[in-house]
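K.L.:
Below: one structure in structure tokens.
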């Protein structure tokens, strides 16, 4: 590989590799080890990275929204220039195909940065609110009060394994935090170290190009540096994508700090798909084919992979299960992101296989080194057992189909299921009539409701919610995809009785940013007297 | 007292008093005990109250924003009709004067309900966002995605002692939760039981009048029912106003649940006031008088009471301290909300009195049964000692003034002080020049920045922030006063590819509510094609 990899931590614009512990990049397909050592951050280096972020915060938060927008645009440009050798390196570490997958993800990552730049220029993230003075009010005058939102402070971000670009170093959490004016300390995922370094370099170039303070972005390597990072006093919020166990451990640490801080962890979801009879009648073939594609997409290594398929017993459902089995039979084994992932997946498959009431009804080939797609069929009673064995995520290309006895049983399950990132209906108009109660229940349980689509493929846009009740995430009030993600890292502050000259720019009378503000109860872009 | 008090818990529109443990209302001034027992909720009754809220949630959240607005207006009307005998009862339990204080607080409480009704009618709380479909987009079509916000589910609210109306049964947290469509289980404060019952009755009448589901509001009595309430699985968020110890305990419980939930606890703040030399020169007399009034207002039992006064050594400051001492000498002892409060206050005063480097420079009279106003002077070094003894809240009519050596020392303290609800500058234009860095630091440490005002007196409006970094609150991203408070109890959800007929009303093409929505990146009230 011709890429220039140093393997040192990124601290305040400098590189530092003082530790003795090394990590190595691994070829996900062959298992071969990349020779260059990645130096695990020492306790001192973790503290230094946090300190660098803390030191950068006053200057970084003082940048204008336009300056931060230009910075995000510059990151996007740098990412776009990462070429085929970069994609090859990412592919080598993750076994994800360079095209179209990683090329697409690169565009998604730069596009995400540019979308947050737009948010910064639009200015509604400021949430500007102005209540003008009412000096004549009785019995007491009302002072002038003006509110806007500022970044909470340095943010720790943990990258995900499954999106080495879009949910990693320059991913959604980093973009949202930087947009909010929060310096970032990023914990590189051990599954794509070379990738992380190349992207961190791109961010560093953008920092220099746009004159952002050193320490706006920092990155540390290591298996066990996360706990120290989350416990560091200067860190004010955490973004995480990964397992329920890992996410919950961070939440518990953050809650136990002298100053508790919020953790936005996106963790575990089985993304139920409800198959309705009219839809199966009209489009059963297409649904079977598309669903098998959605379950095996990216080797099933997606947070929104459909892990549970539900339908009420009917001749259409019986026919559909046969079609779906056939579609699964046509699927093929694929290499997972890393050997740990494969071993987890195989454990999950074994757990389901051994569960009374569950049987394997189709597999896509066989392999010892790759993940084999599995289609399970489970008895409906398992949906209602206390251990909820069908609601435990199996991260990989498998899914479970369940024939329910009745619509009542479906409603009963929907009312009691765990929190989800998504809930999908495959339904024709006729199916929807009389199922408003079901939709209302799904709304209480999921962050995103889909009709006649597949949850894999998460659009990055203003309206997206990639979140949901626990255990889908640790805080249902956030989203980790889409522009609302910035809200997680903002807090409101208000000024009372300050003269115009001393007010933050978004709150000045002249509305120099031309943003929409809530003035005396009305949304307006007007200037003030 | 002619008021009809039953002393039973409010569970799903019924009254229930099955327990053996009783609480009694106490006359705050005389210590006399009100004869009627208030029956502590049993474990079964706490569970029943939570269950009632859970049961009410689907119907309550399905109400339109207009229906909920009418409900809040009805509560406001009921509160306004509570007359002089009510105010006398509140005054008896709290020692707060019926007029103007409690009459004003009654108006503030009903006004708060009406303000949230306005928010519901305005509809911006929905945060409606629409990204329309782009069927021709390459390489992949974009589906139609629409986001809005819904209530998180049943909310537990803990009333504060110091605002028996505005921060209690029908107070800000209750108003915000009900506005969000979240049923409430309220834990009545033991310091104003009769008050709580009368206000709960008012809410119950409004529920019946506007046809809200039984269980929309529930209230339980008890000293130790809070832990069970917070640990109840159906509860999805907690609002609390009170002590740091109490608030932190709830946070820890909530974080340790199988499903962690957010706690919005407003806890502890010393509300520093920085006195600048020009201001002292021009208005020293008035500031001394007003500040003594602010510190002793409501017997200092306000979250925003100024507990720390800071100025850089100067002849003006020396003169000011004399004026302030004189003003404190004119203050008089006052009865606190309850004997526990007095005992805490006296402990706090004793702690400061015994602290090396602190001396009492003025007191307002003397008393064994009432709180005596205290003005302390402390050495600047105490601001920088690790234990931060001057940053520990003393809830009552006392404050500490500190003469700093230099502006640098002031900046140093501001950079390191704890999180605050408020930070105030007394400053003339000349004082402000060159102090932008100080203001930027205060913004990082507080929820509300005041200029030439006093933090006591928190306006209920759109722009208010009554929040701030820990330990002022447990989550700086929330406010417990003002309309932004509703955000704490909302979460986003999105619909992908749903037909117009099946979409929630705020997201329909025709924009039937006429609300402002973010459509394809633009804020607009327009309808869609």
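The values are calculated or read from the model by the stated rules, or taken from the named source; none is laboratory data. Computed from a predicted structure; not experimentally measured. Note that each Cβ is placed from the backbone with ideal geometry, even for glycine, and that neighbours are counted across all protein chains shown.
Conditions (1) over 27 Å from residue B:445 (Cβ atoms); (2) surrounded by 14 or more Cβ atoms within 10 Å (Cβ to Cβ), marked per residue:
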{"residue": "B:280", "(1), (2)": "no, yes"}
{"residue": "B:287", "(1), (2)": "no, yes"}
{"residue": "B:295", "(1), (2)": "no, yes"}
{"residue": "B:312", "(1), (2)": "no, yes"}
{"residue": "B:324", "(1), (2)": "no, yes"}
{"residue": "B:333", "(1), (2)": "yes, yes"}
{"residue": "B:352", "(1), (2)": "no, yes"}
{"residue": "B:356", "(1), (2)": "no, no"}
{"residue": "B:361", "(1), (2)": "no, yes"}
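K.L.:
Given the conditions (1) crowded, with 21+ Cβ neighbours inside 10 Å; (2) farther than 26 Å from residue B:184 by Cβ; (3) out of contact with any helix residue (DSSP H, G or I) (no Cβ under 9 Å at 6 or more places or on another chain), report the number of the one that residue B:526 does not fulfil.
P.N.:
Residue B:526 satisfies all of (1) crowded, with 21+ Cβ neighbours inside 10 Å; (2) farther than 26 Å from residue B:184 by Cβ; (3) out of contact with any helix residue (DSSP H, G or I) (no Cβ under 9 Å at 6 or more places or on another chain) except (1).
K.L.:
Quick one: residue A:111 ticks every box in (1) under 21 Å from the mean Cα position of the chain (by Cα); (2) closer than 20 Å to residue A:514 by Cα bar one, so which box is it?
P.N.:
Here residue A:111 clears every test but (2).
K.L.:
Regarding the stretch A:501-508, can at least one residue be identified that is free of Cβ contacts under 8 Å to residues at least 12 places away in the same chain and assigned to a helix (DSSP H, G or I)?
P.N.:
yes
K.L.:
Does residue A:299 satisfy the criteria of being crowded, with 24+ Cβ neighbours inside 10 Å, in a loop (DSSP other than H, G, I, E, B), touching a residue at least 12 places away in the same chain (Cβ under 8 Å) and more than 14 Å from chain B (Cβ to nearest Cβ)?
P.N.:
Answer is no for this residue.
K.L.:
How many of the residues in the stretch A:327-359 are within 22 Å of residue A:286 (Cα to Cα) and either over 30 Å from the mean Cα position of the chain (by Cα) or assigned to a helix (DSSP H, G or I) (or both)?
P.N.:
Final tally of qualifying residues: 4.
K.L.:
Further question: Consider residue B:128 carefully, then state whether it is in contact with a helix residue (DSSP H, G or I) (Cβ under 9 Å, 6 or more places away or on another chain), assigned by TED's automatic domain parsing to the domain that holds residue B:195 and farther than 17 Å from residue B:182 by Cα.
P.N.:
Yes: the conditions hold for residue B:128.
K.L.:
Which of the numbered conditions does residue A:330 fail, given that it passes all the others? Conditions: (1) modelled with pLDDT of 95 or more; (2) farther than 19 Å from residue A:423 by Cα.
P.N.:
All conditions pass for residue A:330, except number (1).
K.L.:
Now a separate question. Within the stretch B:210-226, how many residues turn out to be touching a helix residue (DSSP H, G or I) at 6+ places or on another chain (Cβ under 6 Å) and assigned to a helix (DSSP H, G or I)?
P.N.:
Qualifying residue count, the stretch B:210-226: 1.
K.L.:
Need a quick list: helices (runs of 4 or more DSSP H) entirely within the stretch B:1-120 having at least 3 residues that are assigned by TED's automatic domain parsing to the domain that holds residue B:224 and within 16 Å of residue B:194 (Cα to Cα).
P.N.:
Hits in the stretch B:1-120: B:84-94.
K.L.:
Just give me the residues in the stretch B:495-523 being out of contact with any helix residue (DSSP H, G or I) (no Cβ under 9 Å at 6 or more places or on another chain), surrounded by fewer than 18 Cβ atoms within 10 Å (Cβ to Cβ) and facing another protein chain (nearest Cβ under 9 Å), in sequence order.
P.N.:
B:497, B:520
K.L.:
Select, from A:35, A:66, A:43, A:18, the only residue that is surrounded by fewer than 15 Cβ atoms within 10 Å (Cβ to Cβ) and modelled with pLDDT under 95. Please lay out each step first, then the result.
P.N.:
Numbers: A:66 fails: modelled with pLDDT under 95; A:43 fails: modelled with pLDDT under 95; A:18 fails: modelled with pLDDT under 95.
Being surrounded by fewer than 15 Cβ atoms within 10 Å (Cβ to Cβ) and modelled with pLDDT under 95 holds for just one of A:35, A:66, A:43, A:18, which is A:35.
K.L.:
Taking the condition of being more than 25 Å from residue B:24 (Cα to Cα) and out of contact with any strand residue (DSSP E or B) (no Cβ under 7 Å at 6 or more places or on another chain), how many residues in the stretch B:222-248 meet it? Before you say what the answer is, go through the steps one by one.
P.N.:
Let us first name the residues in the stretch B:222-248 that are more than 25 Å from residue B:24 (Cα to Cα), namely B:231-238, B:244, B:248.
Filter once more, keeping what is out of contact with any strand residue (DSSP E or B) (no Cβ under 7 Å at 6 or more places or on another chain): B:231-234, B:244, B:248.
Looking only at that region, the number is 6.
K.L.:
Within the stretch A:134-155, track down each residue that is in a loop (DSSP other than H, G, I, E, B), without any contact (Cβ under 8 Å) to a residue 60 or more places away in the chain and more than 9 Å from chain B (Cβ to nearest Cβ).
P.N.:
Selection gives A:135, A:136, A:137, A:138, A:141.
K.L.:
Something else now. For the stretch B:447-481, what are the residues that are more than 7 Å from every other protein chain (Cβ to nearest Cβ), more than 12 Å from the chain's Cα centre (by Cα) and modelled with pLDDT of 95 or more?
P.N.:
The answer is B:454, B:455, B:469, B:471.
K.L.:
Quick one: would you say residue A:267 is within 14 Å of another protein chain (Cβ to nearest Cβ), touching a residue at least 40 places away in the same chain (Cβ under 8 Å), over 26 Å from the mean Cα position of the chain (by Cα) and buried (at least 20 other Cβ atoms within 10 Å of the Cβ)?
P.N.:
The answer is no for residue A:267.
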